[in-house]
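Derivation of every value follows stated rules applied to the coordinates shown; laboratory data play no part. Only a predicted model underlies this, so the values are computations on that prediction, with no experimental measurement involved. Heads up, the Cβs are rebuilt from the backbone with ideal geometry, glycines too, and the neighbour counts pull from every protein chain shown.
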Amino acid sequence: MKRNILIIGATSAIAQATLRLYAEAQDNLYLLGRNTEQLETIASDATVRGASEVHTAVLDVNQFETHETTLQQVFETFPILDIVLIAHGTLPDQKACEHDVHLTMTELSTNGISTISLLTLLANQFEQQQKGTIAVITSVAGDRGRQSNYVYGAAKGMVSLFLQGLRNRLYPNHVHVLDIKPGFVDTPMTANFKKGALWAKPEKIATSIVKAIDKNQSKTLYTPFFWAGIMLIIRSVPDVIFKRLKL
Ligand SMILES: NC(=O)c1ccc[n+]([C@@H]2O[C@H](COP(=O)([O-])OP(=O)(O)OC[C@H]3O[C@@H](n4cnc5c(N)ncnc54)[C@H](OP(=O)(O)O)[C@@H]3O)[C@@H](O)[C@H]2O)c1
C-alpha cells in the first residue's frame, strides 16, 4: 500500500537519502524545505525513482507564523499522514554563540523550538487519525552537554525530552514516536570535519530510519547502532571527571 509521507527539511542529505527509499517504494511524498530550486530538483528525482505523488512547499522553520497554514495545506492533500520525518537542522559555531546572544537564540530556534512548534501541530493530527509514525532526527549531542557544542546539544536534548513525553501521550492512540540519534554523518553539515572510523554515510542512516519505521518502532534509535554503547559510556562519566575533559 502506498503511504503518505511528509518530510520537513527535505533538502537535508539524510532526508534526501531517506526519501529516495520511499520514492523507490512508490509512496506519496510531501516535501517541505526553504530552498525552492533544490526542492524542485529533489521532487523531480523522486518522481523518476517511482514516487506516486510528489508535492512541495516552501517552509523556513524559523517563520513560526507559517507553520499552521503550511501544515494545513499538507493535511488537505494527505488527510491521513502515515509518516512524518523532521530532518532540518544547523550545526552552530559554538564559540560564536558564546559571544552573540542573538545567534544562540536563532540556533536554539532552528534546532529546537521550531521542531517543537511543528510537533505540537502534528501531534494533534496524529492523535485524531489514531495511527502513524512521527520520526525526528535529533542527535547524540543531546545526550550530554559538552563545551564544544552545548548550544546544539541543548536544542537537540530539548527535542528528545519533548519526544519522550509525546511518545507517552500518543501511546494509547497507536502513534509511534521515533527519536533518531545519529552519530557522525558525512553530509554538508559536517563538510569541514576530518572523517574517521566512526563516520557514516547518509544512506546508512536512511536505511536504519526506514527499517525502524517499517517495524513500527517507538523509541530512541541510535544510528549506527554502536552509538548506543558510546553514549552509554559518555553519560556514565561522573561530573567530577567530565567537567575536566576537553570534549
Ligand atoms: N551530519 C551529522 O553528523 C549529524 C549528526 C547528528 C544529527 N544530525 C542531524 O541530522 C539532520 C539532517 O542533517 P544533515 O546531516 O542531513 O545536514 P544537511 O544536509 O546540512 O541538512 C540540514 C538541512 O536543514 C535545513 N535547514 C536549516 N535551517 C533551516 C530553516 N530555517 N528552515 C528550513 N530548513 C532549514 C537545510 O536547508 P538548506 O539546504 O536550505 O540550508 C538543510 O536541508 C539535522 O537535524 C542534523 O542536526 C546530523
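Values computed for the structure shown
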{"read-out": "The stretch 1-107 - convex hull of the alpha-carbon atoms, volume per residue in Å³", "value": "96 Å³"}
{"read-out": "Spatially proximal lysines relative to Lys211 (Cα-Cα < 24 Å; intrachain offsets below 8 disregarded)", "value": "Lys2, Lys131, Lys156, Lys181, Lys201, Lys219"}
{"read-out": "Between the stretch 128-195 and the stretch 65-110, the Cα center-to-center distance that results, in Å", "value": "13 Å"}
{"read-out": "On Cα atoms only, tilt of 67-77 relative to the major axis of the chain in degrees", "value": "40 degrees"}
{"read-out": "Quotient of Cα Rg and 2.2 N^0.38 Å for the stretch 135-193, N being how many residues it contains", "value": "1.29"}
{"read-out": "Dipole magnitude of the stretch 4-242, debye to nearest 20 (Cβ charges: Lys/Arg +1, Asp/Glu -1, about Cα centre)", "value": "980 debye"}
{"read-out": "Chain lengthening between Asp214 and Asp239 when straightened (0.36 nm per residue, less Cα-Cα)", "value": "5.2 nm"}
{"read-out": "Along each principal axis, Cα extent of the chain, largest first, Å", "value": "53, 40, 37"}
{"read-out": "In sequence order, calculated HN-Hα J values of the stretch 242-247 (Karplus, 6.51, -1.76, 1.60; Hz; x Gly/Pro)", "value": "4, 5, 8, 7, 9, 9"}
{"read-out": "For the chain, with +1 on Lys and Arg beta carbons and -1 on Asp and Glu, the positive-most of Thr187, Leu85, Gln63 along the dipole", "value": "Thr187"}
{"read-out": "Contour excess over end-to-end distance, with Cα ends at Asp45 and Glu127 and 0.36 nm allotted per residue", "value": "26.3 nm"}
{"read-out": "On Cα atoms only, tilt of 13-24 relative to the major axis of the chain in degrees", "value": "30 degrees"}
{"read-out": "Under-5 Å amide H pairs with Gly183, H placed in peptide plane, nonlocal only", "value": "Thr223"}
